[in-house]
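All remarks here apply to the structure that follows.
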Amino acid sequence: MYCNALEKLKERGFVEWSSHDEELAEHFINNMVTGYIGFDPSANSLHVGNLVAIMGLAWLQRLGHRPIALAGGGTGRIGDPSGKSAERNLLSEETINSNVICIENQLKHFLNFDCGKNSAKLVNNNDWLKNEKFIEFLRDTGKYFTVSFLVNREYVRSRVFDADKSITYTELSYILLQAFDFNHLYNEFGCTLQMGGNDQQVNILAGMDLTRKKSKAQCYGITFPLLLNSHGEKFGKSESGAVYLSEERTSIYKFYQFWINVEDSDLEKLYKLFTFKELDEIAEIIKEHNEQPHLRRGQKALAEEMTCRVHGEDAAKRAREASAVLFGEMDIKDADSTLLDTLSAEIPFVKVDEAIAGGLTDILVVSGGCASKGEAKRKIKEGGVYLNGIKVLEEGKQLSSEDLLDGGYIQLRVGKKDFRLVKFTK
């Protein structure tokens, strides 16, 4: 007997809707179920918004079943119109293939692709869709879909009857291609389950129906809830936009800080969805956090775990220390050049290409901390300027080699929150 993954997924908050609940639960208990989720390769990185789906697959594997991650190299050339008010920009095959490779590398942080019978598998639907001939596709797949079924989709209706939006035949065919994928995966790998976001329910049902009609097989579907934060906003976005898993698109520090900034009221939900901790352990973490919420222990532990999983232990350590320096929890004099290099990408930073000779007021102006030397002197006199965390008392303070941190840096703070980093180069 296998684990009833449906029950476990429900316990952790993954299931918004599932088909044939009793049958599906029995299917999980009596079989090693192969289930898949599709990922859109429209960018060279997944983002925090994809984590519910990724962890859904990871939990499926952890519970003894087999996950398939499908990279939409074929369907990505069209783009899923669900939830879209306009047609997507079509990407080149070369760009999509490159994005697929990036996505695979990120999924390896969550899925085990070499663990025996339930090893995860990554497939690219371009491998089979590119071989389909148009006439054969219409005869063998298109005949199972009525025009009324397609037009009655909410996202289709909203665009068909809006002259400013409209929808192309290319986009309309997307649901047929995704249904074809499900049937193909059933025949190729015995895949009987498709999971996805709640906006994918109709696409999943279409795939189940096609597989029942063409392959005489009973398949199942699960959709995940749309994850919102406590303010009702879509989870996974920061002030600067989506939070990506790629360091090139979202710095490790910003990724870490995203988790530090989540609301207390969201913590329990996020721990259940994004960690492998048992429910009683999560309850204990939340209990301890609520005793002293101002210390943000729950957020710090979550930020550490997520950054470690996505970027590795060393990166998580650098992000944690960078955060500690900026928030006064660590003396910047203890920071090494690697940590200061990390900080230089996160706060206003300038290089000064000359030997140390000028006064601090000159550096305050060069760094942008003050508009003029007069303002700099006034700020110092008022006690609002800090050098390497120490309040500056001399208006005519001259910098010397003793003021330099590792790597030739100094840190300036003007007021309570205006941090600056300066690096002197010869």
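Each reported figure results from applying straightforward, stated rules to the coordinates on display, with no laboratory input. Model, not experiment: these values are computed from the prediction. Reconstructed Cβ throughout: ideal geometry from the backbone, glycine too, with neighbour counts over all protein chains shown.
Describe numerically, in nm with one decimal, the distance between label points set 7 Å from Cα along Cα→Cβ at Ser240 and at Lys108.
2.7 nm
Based on the Cβ-Cβ distance of Glu395 and His231, what FRET efficiency does E = 1/(1 + (r/R0)^6) give at R0 = 51 Å, to the nearest 0.05?
That gives a FRET efficiency of 0.70.
Using label points projected 7 Å from each Cα along Cα→Cβ, tell me how many nm separate Asp362 and Glu247, to one decimal.
A separation of 3.6 nm, rounded to one decimal place.
At q = 0.10, 0.12 Å⁻¹, what base-10 log of I(q)/I(0) does the Debye formula yield for segment 5-224 when every alpha carbon is treated as an equal point scatterer in vacuo?
Cα-only, vacuum Debye calculation for segment 5-224: -0.43, -0.63.
Which residue fluctuates most in the GNM of the chain (Cα springs below 10 Å): Leu138, Leu343, Leu63?
Leu138
Averaging the inverse of every distinct alpha carbon separation and then flipping it gives the Kirkwood radius. What is it for segment 179-287, in angstrom units?
So the Kirkwood estimate lands at 16.8 Å.
Ignoring solvent entirely, what values of log10 I(q)/I(0) come out of the Debye formula for the chain at 0.06, 0.09, 0.14 Å⁻¹ when each Cα is a single scatterer?
Per q value, in the given order, log10 I(q)/I(0) is -0.35, -0.69, -1.22.
Normalised by the residues of the chain, what does the relative contact order come to in percent, with Cα pairs under 8 Å and at least six apart?
Numbers: 653 pairs, mean separation 59.1, N = 426.
For the chain, the relative contact order is 14 percent.
Rounded to the nearest 500, what is the chain's calculated 222 nm mean residue ellipticity when only DSSP H runs of at least 4 contribute -39500 (n - 2.57) each, over all residues?
When only DSSP H runs of four or more count, the value is -12500 deg cm²/dmol.
Explain nothing, just the number: relative contact order of segment 250-348, from Cα pairs under 8 Å at least 6 residues apart, as a whole percent.
After rounding, I find 34 percent.
Could you check which residue among Glu23, Glu346, Glu402 shows the biggest mean-square fluctuation in a GNM of the chain with a 10 Å Cα cutoff?
Evaluated over the chain, the most mobile residue of the options is Glu402.
What list of ³J(HN,Hα) values in whole Hz, one per residue of segment 242-247 in order, does the Karplus curve 6.51 cos²θ - 1.76 cosθ + 1.60 (θ = phi - 60°) give from phi, with Gly and Pro shown as x?
4, 9, 8, 7, 7, 5
Quick one: Trp59, Trp259, fewest Cβ neighbours within 10 Å first, how do they rank?
Ascending number of Cβ neighbours within 10 Å: Trp59, Trp259.
Report, ordered by chain and residue number, the aspartates and glutamates lying within cross-link reach of Lys10, taken as a straight Cα distance under 19 Å and ignoring same-chain residues fewer than 8 apart.
The reachable aspartates and glutamates, counting only those whose Cα sits under 19 Å from Lys10, are Asp21, Glu22, Glu23, Glu26, Asp199, Asp266, Glu268, Glu278, Asp280, Glu281.
Too long at a 20 Å Cα-Cα cut-off: which of Lys351/Lys426; Lys379/Lys426; Lys317/Lys417; Lys300/Lys333; Lys317/Lys426?
Cα-Cα > 20 Å for Lys379/Lys426; Lys317/Lys417; Lys300/Lys333; Lys317/Lys426; rest within.
Would you please give the FRET efficiency between Glu329 and Asn131, computed as 1/(1 + (r/R0)^6) with r the Cβ-Cβ distance and R0 = 56 Å, to the nearest 0.05?
Result of the calculation: an efficiency of 0.45.
Please identify, among Asp264, Asp353, Asp314, the residue showing maximal mean-square fluctuation in a Gaussian network model of the chain using a 10 angstrom Cα cutoff.
Among Asp264, Asp353, Asp314, the largest mean-square fluctuation in the Gaussian network model of the chain belongs to Asp353.
Give the lysines reachable from Lys8 as a straight Cα distance under 20 Å; neighbours fewer than 8 places away on the same chain don't count.
Lys269, Lys272, Lys277
Could you state the per residue volume, in Å³, of the convex hull enclosing the Cα atoms of segment 110-245? Walk me through the numbers before you get to the answer.
Working: hull volume 23.9 nm³, N = 136.
Expressed per residue, the convex hull around the Cα atoms of segment 110-245 is 176 Å³.
Using the 10 angstrom Cβ neighbour count as an exposure proxy, how do Cys102, Cys191 rank, fewest first? It would help to have the intermediate numbers written out before the result.
On the way: Cys102 18, Cys191 27.
Going from sparsest to densest Cβ surroundings: Cys102, Cys191.
Asn198 to Val350: FRET efficiency via 1/(1 + (r/R0)^6), r the Cβ-Cβ distance, R0 51 Å, to the nearest 0.05?
In this case the efficiency is close to 0.60.
Which three semi-axes in whole Å describe the equivalent ellipsoid of segment 223-277, each the square root of 5 times a Cα gyration tensor eigenvalue, listed largest first?
Semi-axis lengths for segment 223-277 are 19, 13, 12 Å.
Relative contact order for segment 159-241: what is it in percent, counting Cα pairs under 8 Å that are at least 6 residues apart?
Rounded, it is 25 percent for segment 159-241.
With a point put 7 Å past each Cα toward its Cβ, work out how far Cys115 is from Cys3 in nm, to one decimal.
Rounded to a tenth, the inter-label distance reads 0.9 nm.
May I have the convex hull volume per residue, in Å³, for the Cα set of segment 344-424?
Looking at segment 344-424, the number lands at 84 Å³ per residue.
Could you state the number of Å between the C-alpha centres of segment 347-404 and segment 158-220?
Using only Cα atoms, the two centres lie 62 Å from each other.
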